[in-house]
């Protein structure tokens, strides 16, 4: 399925009622029209303590290579897809001054009392050092997935490798956090579009683009009427009824899954009868587990104040 | 004599480094270094057993259903569910069994397609190796782009069955959370058989006429790739340990499995039953304490950061033997050689080689497609008589302490989970007090994973026997392709080392793990 300009605009336009993001339409049009004339943008994609799930998620975007082509974006360094290996791959990265640095996976501690841990080595150096070095010559840094954004699974109690989110390592830079396990391909691609079109990206207190992560899954859930009428599902499989008592963590999960849906608008967890595990939550997995026990209480929604705008690239 | 180092090995999942010694343009010795470690199993200790499938699933984002399904089998085994080769008093209901087969089958199909086109395929493409196979060119080749689209359609099917993918959500302890309807089946069939623009007006699959993308496009592409690999001599090198292990996968209605478990012993050509109690892990070359080795159901594992070791891999053994796992192992153990491709092109059907691993992956796609379609038909036929109780059996641990083993297969090899469960206190977050509290219940006391690539990628054992990757790299020619375009990856000397490693479809995220039951902290003996 080749994404035509119209479809691309539709995808970009469907991202919500945010005035900022609605502004994309004309901008994308302009970008695509001058595509041939623009010098093109480059992405370097680094993998730390991750599972490659966010990469797999990104390639679920319809015609991802066509979409990147439309945006004149190329991905010279990505360990899972690049043609080169070893020393040649290192050369590719050395020559690169990426417009975007996308990081997948958490960053483990590199030494304990002076002893190298080797928890995550790339090119024979600790991942942390490589990340800092590449980030210093990158324009925009994006942390894709919960591991990179908040630590995620590797940082789960007792955090055996002292895994940290990217923003803790790159504390001098603004890191755009796109949590999710995995991150939704639309969240990644549309953030990229916003950065290319030099549209300010409104971030919340956790540096998440507010358009995607502004409302809780619970608030937009298609099973919310069941919850309000207190019809709770008691056992699997339940095509009807609120899944709260089966362990749904929707009230603390801030993401637009219920309206955006996953895999080309095919389905999402709650529609398939599976309780939300709040994989976008900043303290996933520790504060939302046991996953099949009900949440202790429904937190009042946190006010999503605008913290700052991510400026022009 | 020359020392070489390839870091990172790209177009695989995760962080792998290969170092090797080369003499007279041939590799004489190789070392496999797993360079990333998370300690997932350590994170599992003290949690509710039902959390294990969700957390272990996130070991890998490529075979994203496999660890969940394997972990479910381990904790269900511990709760008295019956599986092939394991005792039990309860059964996974029929509907759940079929859905799990479908999820596993489609995951395997997509993973194999992605491997053959996106990961291994470029090595044999025109752009990288001057083979004339321009459909395989990365980013631009028609076959490459069609395969990206094909795996996307397969992911949509997985999303129908699993809510979302990667990391599908519907397989739950005791069954599945999805109650399929006729619409579910229709949605899946529409995606399989309706043509998409990118697939050049072919349906993805049409087993009735075989007039579909898989048969018309993918099979010829793969045969071209196999031909190119055979021309390069890939049937002669990449020879692994010669022993194969399969843990068994796809439960059938008659309580057997479509791919049965077993071990093929290379030295004698025997096929013997597989007993999980004979599995041992060797940690001589891994950054672990000596006590960390042994039977995975019992060992206490600790990281040893100052040890003279070179990898995060442990080296699993079956009855002392280094074994190879993956599609080739599954077919050899089950004595299958569809279309006689391995006997014809790969010299011998049971030979371990770079070429045979590529062929076996393609063969498995071919035998799996009719099975997946038959499971879909089975589900459609039974749908009118299946009620909600046929998809979920309440999960309850009645006696503690208890333990379980989950035997299953990832697209890239045998995946086995061990779990021990006892009463204890688990942590939960109490928002009111703003801190973690403890509650009494069933908790995981011990957890251990052996993933497909762990078998293949392990380092040297205490006697110095090299692991699977290390054995198969010996005798690989260290020469560029004669016809490769200047400056392309195939014009570099290490190309055949990379082809051999990629033929295993390694997944490093899966294969490196650690468990430290009860004890905490790092072992640092000297500072």
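Every number here is computed from the coordinates shown, using simple stated rules; none is lab data. What you see is a predicted model, and the numbers here were worked out from it, not measured in a lab. Cβ sites come from the backbone with ideal geometry, for glycine too, and all protein chains shown count toward neighbours.
Tabulated results
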item: Length released on extending from residue B:28 to residue B:253, taking residue separation times 0.36 nm less the Cα-Cα span; result: 76.1 nm
item: At R0 = 41 Å, FRET efficiency that the Cβ-Cβ distance of residue B:486 and residue B:82 yields, to 0.05; result: 0.10
item: Scaled radius of gyration (Cα, divided by 2.2 N^0.38 Å) that chain B gives; result: 0.96
item: Cubic angstrom per residue, convex hull over Cα atoms of region B:73-230; result: 143
item: At 0.890 mPa s and 25 °C, Stokes D of region B:162-313 from Kirkwood alpha-carbon radius, µm² per second; result: 115
item: Rounded to 5, percent antiparallel among DSSP beta bridges of chain B; result: 90
item: Added length on full extension, which subtracts the Cα-Cα distance from 0.36 nm per residue, residue B:422 to residue B:493; result: 20.2 nm
item: Relative exposure of B:352, B:32, judged by other C-beta atoms within 10 Å (fewest first); result: B:352, B:32
item: Beta bridges per DSSP with both ends in region B:261-328, % antiparallel, nearest 5; result: 90
item: Region A:244-275-region B:101-122 distance, computed between alpha-carbon centres (Å); result: 26
item: Förster radius 41 Å - calculated FRET efficiency between residue B:319 and residue B:432, Cβ distance, rounded to 0.05; result: 0.15
item: Which of A:291, A:226, A:171 has the fewest Cβ neighbours within 10 Å, and the rest in rising order; result: A:171, A:226, A:291
item: Distance between region B:154-174 and region B:8-80 - C-alpha centres, whole angstrom; result: 20
item: The protein assembly as shown - share of DSSP beta bridges that are antiparallel (%, nearest 5); result: 75
item: Compactness relative to 2.2 N^0.38 Å, alpha carbon Rg of region B:38-96; result: 1.20
item: Cα gyration tensor shape for region B:4-45, rounded if a/c is under 1.5, else prolate or oblate; result: prolate
item: CD proxy at 222 nm, helix term only [per DSSP H run n ≥ 4: -39500 (n - 2.57); per residue of chain B; nearest 500]; result: -9000 deg cm²/dmol
item: Gyration tensor (alpha-carbon) shape descriptor, region A:215-299, a/c threshold 1.5; result: rounded
item: Extension gain (nm, one decimal) between residue B:194 and residue B:371, 0.36 nm per residue minus Cα-Cα; result: 61.8 nm
item: Normalised convex hull volume, the protein assembly as shown, alpha-carbon set, Å³ per residue; result: 151
item: Prolate/oblate/rounded label for region B:1-130 (Cα gyration tensor, a/c 1.5); result: prolate
item: Pairs of alpha carbons in region B:246-305 whose separation is greater than 16 Å (percent); result: 62
item: Separation in nanometres of the label points that stand 7 Å from Cα toward Cβ, at residue A:87 and residue B:385; result: 6.7
item: Ranked list, fewest to most other Cβ atoms within 10 Å of each Cβ, for B:265, B:283, B:226; result: B:265, B:226, B:283
